[in-house]
Amino acid sequence: MSENSEQAENLLITNGRLVTWGETSELISNGALLLQDGRIADMGDSADLRARYPDVKELDARDQLVMPGNICAHTHFYGAFARGMGIPGPPMKDFPDILRRLWWRLDRALLDIDVGYSALVCLVDAIKHGTTTLIDHHASPNAIDSSLDQIADAVEMAGVRAALCYEVTDRNGPGGAHEGISENVRFLSSLKERDSHLLAGTFGLHASLSLSDETLADCVSAARDLDTGFHIHVAEHESDEYDSIFNYDRRVVDRLSEAGILGPKSIVAHAIHVDTVEKGLLRGTGTWVTHQPRSNMNNAVGAADIEGMMRLGIPVCLGNDGFSNNMWAEWKSAYFMHKLAHRDPRRANGMDIVQMAIYNNAALAEMFWPDLPMGKLEIGAAADIVLVDYYATTPLTAGNWPGHIICGFESGMVTTTIAAGKLLMLNRQLLTLDEAEITARSRELAVGVWQRFEELSS
């Protein structure tokens with residue numbers, strides 16, 4: 001794998017229906033965008049922009065929707081090889097059982113080459129589904145050193161944006177924990193030398209239940225001069241809270257706050273079983289929360305209080321936890337999940353979903369790319385764009401977007417994906433990645449991963 005270093009060329013997108021997702025979201029008919037140097041340089045009427053920029057390469061949107069690319073706030077590229085895997089023994093009875101028998105065996109079964117190809121599999125999926133920015137959380141205990149470089153190379157080849165980290169944990173002994181710390185430090189320190197507009201990083205931790213006070217302190221110390229926050233799973237299952245109370249006499253969020261893990265650059269994934277006091281700590285520290293409804297339903301861990309957290313001012317974002325990078329599927333799941341969980345059709349209304357998936361996800365992405373407005377169509381914003389062939393059979397306005405996306409959008413409607421001004425997919429044809437080669441090679445590698453998986457004890 002090598003970086004696809006071809007620079008984005010200037011591009012004029014015309015004859016589109018622009019969905020701006022700005023402070024005042026608009027739907028602009030017959031709109032056009034000028035993409036230049038990875039940003040939106042101009043926008044307006046198609047005829048006007050075509051007249052102003054006659055020599056710029058033109059992409060006719062043919063009345064398709066032109067929208068900002070989707071953003072995923074929490075994912076796991078390394079989980080790609082779990083798809084279709086058979087787990088020996090009786091059905092897994094709860095989330096701790098899932099961790100022991102699936103994820104904590106799968107990550108140990110990965111070699112360096114598996115890390116790279118699992119990322120490529122997920123990046124193909126991201127481009128096809130119009131997801132242009134992803135925040136990944138990685139684990140491969142037997143292939144730690146330079147594992148984030150494997151993923152970073154895949155990201156640059158694909159041409160999307162990604163913020164990466166390595167999952168520090170004590171479950172593989174103190175040596176494994178310190179290797180994980182070193183990998184985070186090494187990668188974060190290397191970003192300036194890489195000088196990639198596509199890459200960013202944070203400091204990864206697994207969860208309170210697999211981290212000692214000593215390891216938490218070592219992580220905080222190692223991160224002190226790196227201008228970074230942390231990315232950690234929090235209270236995904238009750239066991240995380242039980243472990244913290246039993247071993248440390250305090251709840252998870254309190255423990256992490258005391259350790260110096262929380263803050264305006266830190267991300268906690270899930271936060272399903274946090275109590276009112278913990279929510280206050282999350283709000284008070286300015287910590288980000290990510291919601292992953294498909295994963296939560298699959299693992300039967302519960303439904304996070306996303307509405308309550310957002311009312312408190314906690315920025316709740318939307319991730320996929322390693323499920324497909326079709327973020328509209330995550331929209332739908334969030335919308336339906338909370339209605340069912342509470343038996344109340346008023347819960348998790350469309351604007352709540354928009355707040356998470358559009359506005360909060362964009363704000364989180366801007367933390368990693370602070371000089372680049374994200375998730376909107378406006379002059380100066382990131383040229384991360386998707387074209388969608390959705391033709392509504394009922395009126396489509398700036399005010400009824402959630403209903404159309406939740407009830408009408410499907411993944412195959414994305415025809416073109418652009419990130420940083422570069423075409424990654426055009427008319428459903430991938431341009432930066434060879435899907436056939438990646439699929440064939442990943443299928444071969446999966447055989448070895450599954451064999452090593454079965455040889456490992458849970």
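The values are calculated or read from the model by the stated rules, or taken from the named source; none is laboratory data. If you're wondering where the values come from, they're calculated on a predicted model, not measured in any experiment. Because the Cβ atoms are built from the backbone with ideal geometry, glycine has one as well, and the counts that use them run over all protein chains shown.
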Scanning the range 29-59 for residues that are over 27 Å from His197 (Cβ atoms) and not basic (Lys, Arg), which turns out surrounded by the most Cβ atoms within 10 Å (Cβ to Cβ)? Ser46
Quick one: is Ala341 under 18 Å from the mean Cα position of the chain (by Cα) and assigned to a helix (DSSP H, G or I)? no
Inside the range 383-400, can you point out the residues that are farther than 18 Å from His129 by Cα and either within 17 Å of the chain's Cα centre (by Cα) or free of Cβ contacts under 8 Å to residues at least 24 places away in the same chain (or both)? Ala392, Thr393, Thr394, Pro395, Gly399, Asn400
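Between Ile406, Ile438, which is touching a Gly at 6+ places or on another chain (Cβ under 8 Å) and touching a residue at least 40 places away in the same chain (Cβ under 8 Å)?
Criteria check complete, one pass: Ile406.
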Just checking, does the range 353-361 include any residue being at pLDDT 95 or above, assigned to a loop (DSSP other than H, G, I, E, B) and not acidic (Asp, Glu)? no
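For every residue, the table says whether it meets (1) in a helix (DSSP H, G or I); (2) over 23 Å from Glu156 (Cα atoms); (3) among the basic types (Lys, Arg).
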position: Val386; (1), (2), (3): no, no, no
position: Tyr390; (1), (2), (3): no, yes, no
position: Pro395; (1), (2), (3): no, yes, no
position: Ala440; (1), (2), (3): yes, no, no
position: Leu445; (1), (2), (3): yes, no, no
position: Trp450; (1), (2), (3): yes, yes, no
Selection over the range 242-279 where residues are touching a residue at least 60 places away in the same chain (Cβ under 8 Å) and among the hydrophobic types (A, V, I, L, M, F, W, C) yields a count of 2
Taking the range 199-217 as the region of interest, how many residues are of a type in the set (A, V, I, L, M) and assigned to a loop (DSSP other than H, G, I, E, B)? 1
Residue identified as of a type outside the set (Lys, Arg), over 16 Å from the mean Cα position of the chain (by Cα) and modelled with pLDDT under 95 among Gly308, Gly350: Gly350
If you check Asp97, Asp136, Asp112, which single one turns out to be of a type outside the set (Gly, Ala, Ser), more than 27 Å from Ile358 (Cα to Cα) and touching a residue at least 24 places away in the same chain (Cβ under 8 Å)? Asp112
Could you tell me whether the range 298-317 includes any residue that is in the same structural domain as Thr131 (by TED's automatic domain parsing), among the charged types (D, E, K, R) and in contact with a Ser or Thr (Cβ under 9 Å, 6 or more places away or on another chain)? no
So for the range 79-90 (the condition being surrounded by 24 or more Cβ atoms within 10 Å (Cβ to Cβ) and not in a helix (DSSP H, G or I)), does at least one residue qualify? no
Single unsatisfied condition, Leu34 versus (1) assigned by TED's automatic domain parsing to the domain that holds Leu387; (2) modelled with pLDDT under 95; (3) within 24 Å of Leu431 (Cα to Cα): (2)
Give the residues of the range 234-250 that are in a loop (DSSP other than H, G, I, E, B) and either among the hydroxyl-bearing types (Ser, Thr, Tyr) or touching a His at 6+ places or on another chain (Cβ under 9 Å) (or both), sorted by residue number. Ala235, Glu236, His237
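Can you find even one residue in the range 146-165 that is modelled with pLDDT of 95 or more, in the same structural domain as Trp103 (by TED's automatic domain parsing) and more than 30 Å from Met425 (Cβ to Cβ)?
Checked the range 146-165: no residue is modelled with pLDDT of 95 or more, in the same structural domain as Trp103 (by TED's automatic domain parsing) and more than 30 Å from Met425 (Cβ to Cβ).
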Residue check for Ser196: out of contact with any Gly (no Cβ under 9 Å at 6 or more places or on another chain) and in a loop (DSSP other than H, G, I, E, B): yes
Qualifying positions in the range 135-149 - surrounded by 24 or more Cβ atoms within 10 Å (Cβ to Cβ) and assigned to a helix (DSSP H, G or I): Ser147, Leu148
Look through the range 271-301, keep the residues that are at positive phi and surrounded by fewer than 24 Cβ atoms within 10 Å (Cβ to Cβ), and return whichever of them is nearest to the chain's Cα centre (by Cα). Gly286
Within the range 69-97, residues being of a type outside the set (Lys, Arg) and more than 20 Å from Asp136 (Cα to Cα) number 13
